[in-house]
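For reference, the structure discussed in these notes is given below.
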C-alpha cells in the first residue's frame, strides 16, 4: 500500500482531502459540479457536502477531495468507502472547464484510490461508478450535455483511459422513476476481466440503503442479481 498524507503537491497543484465541514472548498467543489454536469440534480447537492462529511460512520465513510492551484479549486471528487465490503463508490469526479486537458482528472483519480486504500488499511476490492451511456440519451439530454461543454462519449473514453471497465449487465438506478440510461463501471489496478457478482451486490446495496431504505435496496439488489444471472460479471470496454 502506498502511504501518503491527506495532501500532496505536484508542480504547484495540491491534492487534499477535506476534513472540515465548513471548508470553503466544499462550496467551490459544488459550483464545479453544477457547472460541468448536465443534470446536477441527479448528484449529491453541495448543500449536503458538509452534512455528509460529519455523518460518516464506520460502515460508510464519505470523502471529498480537491485539486487546488494557488488557492483556486480546479476539480474534485465525492466518494464513499464501504469498509465491511472492502469497496468504494464514487458519486462525482469533475474538473472546471478552464482546467480540463491538464491531467487533473488523472491525478484526482489516483489520489482517490490512495485515499480509499489508506482509510481501509489495505488495497480495496474495487471502485464503482455509474455513467450515462450516450447511445441511450435523448436529443434533449445530448443538447444539455453540449450546453455545459460536456461529451458523454469523451467522458467514457477518459474513464477507459483511467482503467475503468463496464459491467456487462443491465444497470438500473433505482430512483423514482428508475434511470435506465446509465452503465455501471468498475476500477481496480489489476484490470480484471470479471468480478464476483456478490461484490457488486454488496457494494450497491450499501450505497443504496441510505436513500432507498433497507427493503427497497434489497429489492433492487435482487433484481440486479437476476439480471447478472451467475456468480461472476464480465467486464468489457466502456
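Hey, with R₀ at 25 Å, roughly what FRET efficiency would residue 51 and residue 170 work out to, going by the Cβ-Cβ distance, to 0.05?
0.15
Take each of the peptides 75-85, 58-68, average the number of other beta-carbon atoms within 10 Å over its residues, and list them starting from the highest.
Numbers: 75-85: 22.6, 58-68: 19.5.
Order by mean packing, descending: 75-85, 58-68.
Of the candidates 177, 124, 189, which one comes out as most mobile in a Gaussian network treatment of the chain with C-alpha springs shorter than 10 Å?
In the Gaussian network model the winner is 177.
From the helices alone, meaning DSSP H stretches of at least four residues, give me the mean residue ellipticity at 222 nm for the chain, per-run term -39500 (n - 2.57), in deg cm²/dmol to the nearest 500.
On the way: 7 runs with 88 residues, N = 238.
After summing the helix terms and dividing by residue count, I get -11500 deg cm²/dmol.
Write down the percent of antiparallel bridges among all DSSP beta bridges whose residues are both part of the chain, to the nearest 5. Don't jump to the answer; show the numbers that get you there.
Working: 41 of 44 bridges.
Here the antiparallel bridges make up roughly 95 percent for the chain.
What is the Rg over Rh value, at two decimals, for the chain, using alpha-carbon atoms and the Kirkwood definition of Rh?
Numbers: Rg = 17.1 Å, Rh = 18.2 Å.
When Rh is taken as the Kirkwood radius, the ratio is 0.93.
Please report the relative contact order for the chain, taking Cα pairs under 8 Å with a sequence separation of at least 6, and give it as a percent rounded to a whole number. Each step should come with its number before you reach the end.
Working: 389 pairs, mean separation 40.5, N = 238.
It rounds to 17 percent for the chain.
May I ask you to work out the translational diffusion coefficient for region 1-124 at 10 °C, viscosity 1.306 mPa s, via Stokes-Einstein with Rh from the Kirkwood sum over Cα pairs, reported in whole µm²/s? Mind showing how you got there, number by number?
Working: Rh = 14.6 Å.
Rounded to a whole number, D works out at 109 µm²/s.
Please find the FRET efficiency linking residue 219 to residue 122, where r is the Cβ-Cβ separation and R0 is fixed at 35 Å, and quote it to the nearest 0.05.
On the way: r = 32 Å, r/R0 = 0.90.
The pair residue 219/residue 122 has a calculated efficiency of 0.65.
Take the Cβ-Cβ distance between residue 102 and residue 27 as r, set R0 to 25 Å, and report the resulting FRET efficiency rounded to the nearest 0.05.
On the way: r = 23 Å, r/R0 = 0.91.
Efficiency computed from Cβ-Cβ geometry: 0.65.
Kindly list the residues of region 66-107 that lie in the label zone of residue 59, defined by a backbone N under 15 Å from the point 7 Å along the Cα-to-C-beta vector.
Under cut-off, by backbone N: 81-87.
Could you grab the relative contact order for region 126-238? Cα pairs under 8 Å, six or more apart, rounded to a whole percent. Mind showing how you got there, number by number?
Working: 143 pairs, mean separation 39.3, N = 113.
Normalised by residue count, the contact order of region 126-238 is 35 percent.
Computed from the coordinates by the stated procedures, all read-outs in this text should not be read as laboratory data. What you are looking at is a predicted structure, and each value in this text was computed from that prediction instead of being measured. Virtual Cβ from ideal backbone geometry, glycine too; neighbours counted across all protein chains shown.
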